[in-house]
Amino acid sequence: MELVSYIAMCLSFAFLLPSHVTATAPTGMVERETKQQILASIPPHWEENPVLFLTSPSGKYAAYFMRSQTAPGAGGLGADFCYVEVLDTTAPGSEGRSVWESEFLAVSTVNTSALVFSWKGLEVFDGSNSVWHTHDRVGRQQLPQDPAAG
């Protein structure tokens, strides 16, 4: 009987409370309005590059978020470049063979770049600015099915 009264009390509170509560983010915090999952991030001049963010069930494929720094005076337009690369790790060689790369995206040399999974698919941010996403991309390429996934 005690459990029934507890459930009834919880339900009554649920109906009495407002359907939504507005909260403001504390000063210095970023408030996101869309659901996003950060998969990887790379700050400028970071040595831990590339960042592994996904592997296939068998380990045959590995997906990396990469950031290449522009050498001073090399004509890089004052920007670093970020991209996603998928490697076939069973191919000969120490790192595997590249089977897919995203576009190379110019990002600032002062902001952290982040790879995010959002409603747009994969999305790359330069600080808080979206610079690339997979939503509505023409010419999508599919990788062969991983035997361990089936």
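The values are calculated or read from the model by the stated rules, or taken from the named source; none is laboratory data. Bear in mind that the values here come from a model prediction, so they are computed numbers and not experimental data. Quick reminder, even Gly has a Cβ in these numbers, built from the backbone with ideal geometry, and neighbours come from all protein chains shown.
Consider segment 75-102 and keep the residues that are surrounded by 13 or more Cβ atoms within 10 Å (Cβ to Cβ) and part of a loop (DSSP other than H, G, I, E, B). The one that is nearest to the chain's Cα centre (by Cα) is 102. Among strands (runs of 3 or more DSSP E) entirely within segment 105-149, having at least 2 residues that are modelled with pLDDT of 85 or more and exposed (fewer than 15 other Cβ atoms within 10 Å of the Cβ) singles out 129-133.
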